[in-house]
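The values are calculated or read from the model by the stated rules, or taken from the named source; none is laboratory data. What you see is a predicted model; the values in this text were computed from it and never measured. Counting neighbours? That spans all protein chains shown, and the Cβs are built from the backbone with ideal geometry, glycine included. We work out accessible area using only protein heavy atoms, side chains counted, and drop any ligands, DNA or RNA first. Shrake-Rupley method; radii C 1.70, N 1.55, O 1.52, S 1.80 Å.
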Amino acid sequence: EDEERIAVPPGHGRLDPDRHFVARASGDSMNGGKNPIRDDDYLLLEWVTQTSAGSITGDTMAIERQDEAGDTQYLLRVITKTADGSYVLKAQNPDYEDLEADESMRTFARLKAVLDPLELAKGGMFQREEIPPLFGDTFNPGAWNSGHVVLSNRTHILLVTLNKQGKQNEHRYLDYFIDEQTFHWQSQNQTTPESKRGREIIQQAQRGTTIHLFVRDQKLGPDGRSALFRYLGTVDYVSHEGSAPMGVTFRLKG
């Protein structure tokens, strides 16, 4: 069976492939509290041994145990220590009871971070239909076949084709890289600085708007099918000029 190789985004310290690995959460026992872990979340974990574990009290640890049928179970729990020196494994979801640690359990990894799936997707190639699920949405041609999709939580997704062959000159959009970190984007013809979409972009910092950029060179790939979009991550508003359409300069993050 092939292992899924996942590149962990920067910001998680120095990672050692012999010590760190990524796994998907299963179930909702840790879905609670300030930092919930949801079913299917990507988790960055660090292998530990009995000698390298150090103090684990208060940490979220991955534990292996045998259930009554003799099957192996994997649990993610916060380790707490009682006054008498025994260990209790606590779930963050109050629907799950505490477990007392016993000899059938083996602590094998420490949780380092819950990874953002969008950060993991950065640099990846996607068909248009594969993009909505990244944002918890489903593909709807009416919404997602445009170049500017706005979701209800002030999330803007820009789907840009750089080389728009066959466009009449007055409708030829001006989308291009100014340099490696700066991108010029031209809005749809009806977007003005006063429109809701325009204001959410210009006032990105004040409104908490998140803008995601997907880019492809041409509409069709060499096989004649729709070309894939590359996800370049989030961008920050820098400046704009014009109206209906607006020309906007963005800075790529990272």
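Within the stretch 106-121, which residues are over 8 Å from the mean Cα position of the chain (by Cα) and under 19 Å from Leu15 (Cβ atoms)? Walk me through it before giving the result.
Filtering the stretch 106-121 down to residues over 8 Å from the mean Cα position of the chain (by Cα) leaves 106-114.
Phe108, Ala109, Arg110, Leu111, Lys112, Ala113, Val114 - these are the residues of the stretch 106-121 that are over 8 Å from the mean Cα position of the chain (by Cα) and under 19 Å from Leu15 (Cβ atoms).
I'd like the residue in the stretch 124-162 that is in contact with a Leu (Cβ under 8 Å, 6 or more places away or on another chain) and assigned to a loop (DSSP other than H, G, I, E, B) and, out of all such residues, is farthest from Tyr176 (Cα to Cα).
Looking at the filtered set, the residue picked out is Asp137.
Could you grab me the full set of residues in the stretch 175-204 that are in a strand (DSSP E or B) and of a type in the set (A, V, I, L, M, F, W, C)?
In the first step, residues of the stretch 175-204 are kept if they are in a strand (DSSP E or B); the result is 176-179, 182-186.
Residues satisfying the conditions are Phe177, Ile178, Phe183, Trp185.
Take Arg38 and decide whether it is out of contact with any Leu (no Cβ under 8 Å at 6 or more places or on another chain), open to solvent by 60 Å² or more (accessible area, probe 1.4 Å) and at pLDDT 90 or above. Talk me through it step by step, then tell me what you get.
Values: out of contact with any Leu (no Cβ under 8 Å at 6 or more places or on another chain): yes; open to solvent by 60 Å² or more (accessible area, probe 1.4 Å): yes; at pLDDT 90 or above: yes.
Considered against the rule, which asks whether it is out of contact with any Leu (no Cβ under 8 Å at 6 or more places or on another chain), open to solvent by 60 Å² or more (accessible area, probe 1.4 Å) and at pLDDT 90 or above, Arg38 comes out as yes.
Please count how many residues of the stretch 205-224 are without any contact (Cβ under 8 Å) to a residue 12 or more places away in the chain and open to solvent by less than 60 Å² (accessible area, probe 1.4 Å).
Narrowing the stretch 205-224 to residues without any contact (Cβ under 8 Å) to a residue 12 or more places away in the chain: 206, 220-224.
Restricting the remaining residues to those that are open to solvent by less than 60 Å² (accessible area, probe 1.4 Å) gives 221, 224.
Of the residues in that region, 2 qualify.
Which one of Val78, Val8 is modelled with pLDDT of 95 or more and buried (at least 17 other Cβ atoms within 10 Å of the Cβ)? Give the steps one after another, and end with the answer.
Values: Val8 fails: modelled with pLDDT of 95 or more.
Criteria check complete, one pass: Val78.
Since Gly166 meets every condition but one in (1) at pLDDT 95 or above; (2) surrounded by fewer than 14 Cβ atoms within 10 Å (Cβ to Cβ), which condition does it not meet?
(1)
Considering each of Gly54, Gly85 in turn, give the residue that is open to solvent by less than 50 Å² (accessible area, probe 1.4 Å), modelled with pLDDT under 90 and assigned to a loop (DSSP other than H, G, I, E, B).
On the way: Gly54 fails: open to solvent by less than 50 Å² (accessible area, probe 1.4 Å).
None of the other options fit; the residue is Gly85.
Can you run down the residue pairs with Cβ atoms below 7 Å, 6 or more apart or on separate chains, where the first is in the stretch 225-254 and touching a residue at least 12 places away in the same chain (Cβ under 8 Å) and at negative phi and the partner is in a strand (DSSP E or B) and among the small types (Gly, Ala, Ser)?
Between residues of the stretch 225-254 that are touching a residue at least 12 places away in the same chain (Cβ under 8 Å) and at negative phi and residues that are in a strand (DSSP E or B) and among the small types (Gly, Ala, Ser), the close pairs are His240/Gly247; Thr249/Ser239; Leu252/Gly233; Lys253/Gly233.
Which ones in the stretch 110-153 are of a type in the set (Ser, Thr, Tyr) and over 18 Å from Asp40 (Cα atoms)?
First, the residues of the stretch 110-153 that are of a type in the set (Ser, Thr, Tyr): 138, 146, 152.
Ser146, Ser152, listed by residue number.
Filter the stretch 122-152 for residues that are small (Gly, Ala, Ser) and surrounded by fewer than 17 Cβ atoms within 10 Å (Cβ to Cβ); which is farthest from Leu232 (Cα to Cα)? Reasoning before the result, please.
Going residue by residue through the stretch 122-152, those that are small (Gly, Ala, Ser) are 123-124, 136, 142-143, 146-147, 152.
If we keep only those that are surrounded by fewer than 17 Cβ atoms within 10 Å (Cβ to Cβ) too, we end up with 123-124, 136, 142-143, 146, 152.
Values: Gly123: 6, Gly124: 8, Gly136: 18, Gly142: 24, Ala143: 21, Ser146: 18, Ser152: 22 Å.
In this case the residue turns out to be Gly142.
Consider Thr155 against the criteria (1) open to solvent by 70 Å² or more (accessible area, probe 1.4 Å); (2) at pLDDT 95 or above: it satisfies all of them except one. Which criterion is unmet?
(1)
Tell me whether the stretch 229-241 contains one or more residues that are among the basic types (Lys, Arg), open to solvent by less than 60 Å² (accessible area, probe 1.4 Å) and closer than 22 Å to Lys122 by Cβ.
Start the filter on the stretch 229-241 by keeping residues that are among the basic types (Lys, Arg), which leaves 230.
Next, from what is left, pick out any that are open to solvent by less than 60 Å² (accessible area, probe 1.4 Å): none.
No.
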